[in-house]
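The values are calculated or read from the model by the stated rules, or taken from the named source; none is laboratory data. For clarity, every value in this text was computed on a predicted model and none was experimentally measured. So basically every Cβ, Gly included, is an ideal-geometry build from the backbone, and we count neighbours across all protein chains shown. We work out accessible area using only protein heavy atoms, side chains counted, and drop any ligands, DNA or RNA first. Shrake-Rupley method; radii C 1.70, N 1.55, O 1.52, S 1.80 Å.
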Amino acid sequence: MIISESSESFDRVAEVIKAGGIIAFRTDTLYGLGADPFNPSAVQKIKQLKGREGHKPILVVISERAHVARLLTRQTNSFEHLSRKFWPGALTIIGEAAADLPGELTAGTKTLGVRLPDDGRVRALVEACGGALTATSANPANELPARSALDVEQYFGDAVDLIVDGGAAKTDQPSTVVDATTEQVMLIREGAVPWAQIETGLRSS
């Protein structure tokens, strides 16, 4: 079911998340599949929807920087520097995952990618759902990422409890993903934020 994105709809979205359901929503990049990252069965539902290999972890978006402490055991200096420089923004930063996070989320890597989106409406939706949501791209494995609510509906139909129509995606690029579990930052996936820009940012630390 597709519903319009509005402050009034956020309560309904939050109820679905609290009940262990799955939503699709526009992030600051593409559409993502949202679930409570602390709910193992909800995260597993997302993996089944995507047909995702078990060894791939799922990234999480947060509504404010303070929620990082719930998700990661510690932040390296490089993590802190990159988050200060590029958040809010389309940079997913990987750190050491908190011990109580579901294995379905981290896929046994003991790490987690986190992002603070550069979109106030997205952050408000995430805050309504407790401050953290999964945000893996809303598409089956090996298909193009969804860029609209209709794309999501065509991919998943009623298998997603709610599709929040936030309009067309603002970009055709996913977030850039970097590993900052050590001080030597590694590029995992280049996307909306160019790697060269990140390298320049790191040199200015």
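Out of (1) touching a residue at least 24 places away in the same chain (Cβ under 8 Å); (2) within 17 Å of V68 (Cα to Cα); (3) more than 16 Å from the chain's Cα centre (by Cα), what's the single condition that is false for F156?
It fails just one condition, (2).
Of everything in segment 102-114, what is part of a helix (DSSP H, G or I) and either among the hydrophobic types (A, V, I, L, M, F, W, C) or over 15 Å from the mean Cα position of the chain (by Cα) (or both)? Give them in sequence order.
Listed by number, the residues that qualify are G103, L105.
Surrounded by 14 or more Cβ atoms within 10 Å (Cβ to Cβ) and in a loop (DSSP other than H, G, I, E, B): does that describe A146?
Against the criterion (surrounded by 14 or more Cβ atoms within 10 Å (Cβ to Cβ) and in a loop (DSSP other than H, G, I, E, B)), A146 qualifies.
If Q48 satisfies every condition in (1) open to solvent by 20 Å² or more (accessible area, probe 1.4 Å); (2) in contact with a strand residue (DSSP E or B) (Cβ under 9 Å, 6 or more places away or on another chain) but one, which is the exception?
That leaves (2) as the condition not met.
Any idea how many residues of segment 168-189 are within 18 Å of the chain's Cα centre (by Cα) and open to solvent by 70 Å² or more (accessible area, probe 1.4 Å)?
Final tally of qualifying residues: 6.
Looking only at segment 108-130, count every residue that is touching a residue at least 60 places away in the same chain (Cβ under 8 Å) and within 8 Å of V61 (Cα to Cα) and tell me the total. Quick ask: steps written out before the conclusion?
Of segment 108-130, the ones touching a residue at least 60 places away in the same chain (Cβ under 8 Å) are 111, 113, 115, 117-119, 121-130.
The next check asks that each one be within 8 Å of V61 (Cα to Cα); those that pass are 115, 117, 126.
Number of matching residues: 3.
Taking G21 as the residue in question, decide whether it is out of contact with any His (no Cβ under 8 Å at 6 or more places or on another chain), of a type in the set (G, A, S) and closer than 22 Å to D100 by Cβ.
Values: out of contact with any His (no Cβ under 8 Å at 6 or more places or on another chain): yes; of a type in the set (G, A, S): yes; closer than 22 Å to D100 by Cβ: yes.
Here the answer is yes, as G21 does meet what is asked.
Would you confirm whether any residue within segment 154-167 is touching a Gly at 6+ places or on another chain (Cβ under 9 Å), buried (at least 19 other Cβ atoms within 10 Å of the Cβ) and within 30 Å of T73 (Cβ to Cβ)?
No, that holds for no residue.
Working only within segment 3-50, note down all residues that are charged (D, E, K, R) and either in a loop (DSSP other than H, G, I, E, B) or closer than 20 Å to A107 by Cβ (or both).
Within segment 3-50, the subset charged (D, E, K, R) is 5, 8, 11-12, 15, 18, 26, 28, 36, 45, 47, 50.
Within segment 3-50, E5, D28, D36, K45, K47, K50 meet the criteria.
What are the pairs, 6+ residues apart or on separate chains, where a residue within segment 71-92 that is of a type in the set (K, R) has its Cβ under 6 Å from a residue that is open to solvent by less than 60 Å² (accessible area, probe 1.4 Å)?
Final answer for the pair search is K85/G201.
Just one of K85, K47, K18 is within 20 Å of L187 (Cα to Cα) and basic (K, R); which is it? Full working, then the answer.
Values: K47 fails: within 20 Å of L187 (Cα to Cα); K18 fails: within 20 Å of L187 (Cα to Cα).
Just a single option satisfies the conditions, and that option is K85.
Could you tell me which of the residues L202, L125 is modelled with pLDDT under 95, assigned to a helix (DSSP H, G or I) and surrounded by 15 or more Cβ atoms within 10 Å (Cβ to Cβ)? Give the derivation first.
Details: L125 fails: modelled with pLDDT under 95.
Sole residue among the options that is modelled with pLDDT under 95, assigned to a helix (DSSP H, G or I) and surrounded by 15 or more Cβ atoms within 10 Å (Cβ to Cβ): L202.
Taking the options P117, P88, name whichever one is at pLDDT 95 or above, buried (at least 23 other Cβ atoms within 10 Å of the Cβ), assigned to a loop (DSSP other than H, G, I, E, B) and not polar (S, T, N, Q). Spell out how you get there, then give the answer.
Numbers: P88 fails: buried (at least 23 other Cβ atoms within 10 Å of the Cβ).
None of the others qualify; the one that does is P117.
Can you tell me which residues in segment 128-143 are crowded, with 16+ Cβ neighbours inside 10 Å, closer than 21 Å to V160 by Cβ and not β-branched (V, I, T)? Don't jump to the end; show me each part of the working.
In the first step, residues of segment 128-143 are kept if they are crowded, with 16+ Cβ neighbours inside 10 Å; the result is 128-139.
Next, from what is left, pick out any that are closer than 21 Å to V160 by Cβ: 128-130, 132-139.
Of everything in segment 128-143, those that are crowded, with 16+ Cβ neighbours inside 10 Å, closer than 21 Å to V160 by Cβ and not β-branched (V, I, T) turn out to be A128, C129, G130, A132, L133, A135, S137, A138, N139.
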